[in-house]
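Derivation of every value follows stated rules applied to the coordinates shown; laboratory data play no part. What you see is a predicted model, and the numbers here were worked out from it, not measured in a lab. Methodologically, a virtual Cβ is constructed for each residue, glycine included, from the backbone with ideal geometry; neighbour enumeration extends over all protein chains shown.
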């Protein structure tokens, strides 16, 4: 294995089935969440509304069933990160987020799933765990309780649901097939394999 491959394996604590991720992509592609969708209608828009999208319900439901961390926080959304170049970095699934060094993700391995040799999926805490302060803005967390960082937005945008990290996750899923064709092809090939008897938890047996 190359150093990048070794680092990739260190960055997750669990294996996400390719079939689950592909279904989440299909749901994000087929169920609208743009400004013209029901999600944005005044009678529906509220804090955390995009976490209810079926694509994220599928991914987070799978994680809650198979997670191996201390379950510090409920999972609300998930973000894919992809190795595109052999440069020791992941590209974020959301197009406007900068690439990050692979090594930075090792600390978040308890809340991260591996998907083949190019993709990881970070599982993030639900909006109910987010903290807003006037000094720091909005602080979000990984599902294992580690801080994910702060976002400098007005409180009203967060409380109204107009700013929702889960929306960016949906954008990442809906555009994944187009933005990451090589990774998508790898995941498709993995989904075509017979079901393994290996556990979602790395290195453990399972009856799945």
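A few points about this structure:
- Cα centroid separation - segment 153-193 against segment 33-75, whole Å: 12
- For 169, 118, order by how many other beta-carbon atoms lie within 10 Å, fewest first: 118, 169
- In segment 1-151, Cα pairs under 8 Å separated by at least six residues give a relative contact order of 27 percent.
- Rounded to 0.05, the FRET efficiency of the residue 70 and residue 36 pair, given R0 = 41 Å and the Cβ-Cβ distance, is 0.50.
- Cα→Cβ-extended label distance, 7 Å offset, between residue 139 and residue 85, nm: 3.4
- Highest to lowest packing among 90-100, 69-79, scored as the average C-beta count within 10 Å: 69-79, 90-100
- Diffusion of segment 3-191 by Stokes-Einstein, at 25 °C in a medium of 0.890 mPa s and with Rh set to the Kirkwood radius over alpha-carbon pairs, works out to 147 µm²/s.
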